[in-house]
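A short write-up of the structure that comes next.
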Amino acid sequence: MVKNTFSSVFLQEEKEKNQGSVEFQVFSFTNKIRRLTSHLELHRKDYLSQRGLRKILGKRQRLLAYLSKKNRVRYKELIGQLNIRELKTH
């Protein structure tokens, strides 16, 4: 798992400020997703963890969709900092 400097800085700043912000929630979901992904590489048949991963992915996707509608600049910054792909638009 790759730890970037943004993670630690963002984690410390946001914990003090606002844990309910969309950015912090997406950040924590991303950490959970990366942790579960590495777990599933070892345990391929852990179907309960696969289900949990899909649920977290859906939550993160909905939060990112909300953020992209409300504030496109913050969305672009967050996508770049967390190194995740942009949402597909319908």
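What follows draws every value from the coordinates through simple rules; no lab data is involved. Note that this is a predicted model, so its numbers are computed, not measured. Positions of Cβ are generated from backbone atoms using ideal geometry, with glycine treated the same way; all protein chains shown enter the neighbour counts.
Computed values, structure above
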read-out: Share of alpha-carbon pairs per 5 Å distance bin for region 16-66, given as whole %; value: 4, 21, 27, 19, 13, 9, 4, 1
read-out: Computed label-point distance, nm, for sites Arg51 and Tyr66 using a 7 Å Cα→Cβ extension; value: 2.5 nm
read-out: Across Lys32/Lys55; Lys55/Lys76; Lys59/Lys88, pairs whose alpha-carbon gap is larger than 20 Å; value: Lys55/Lys76
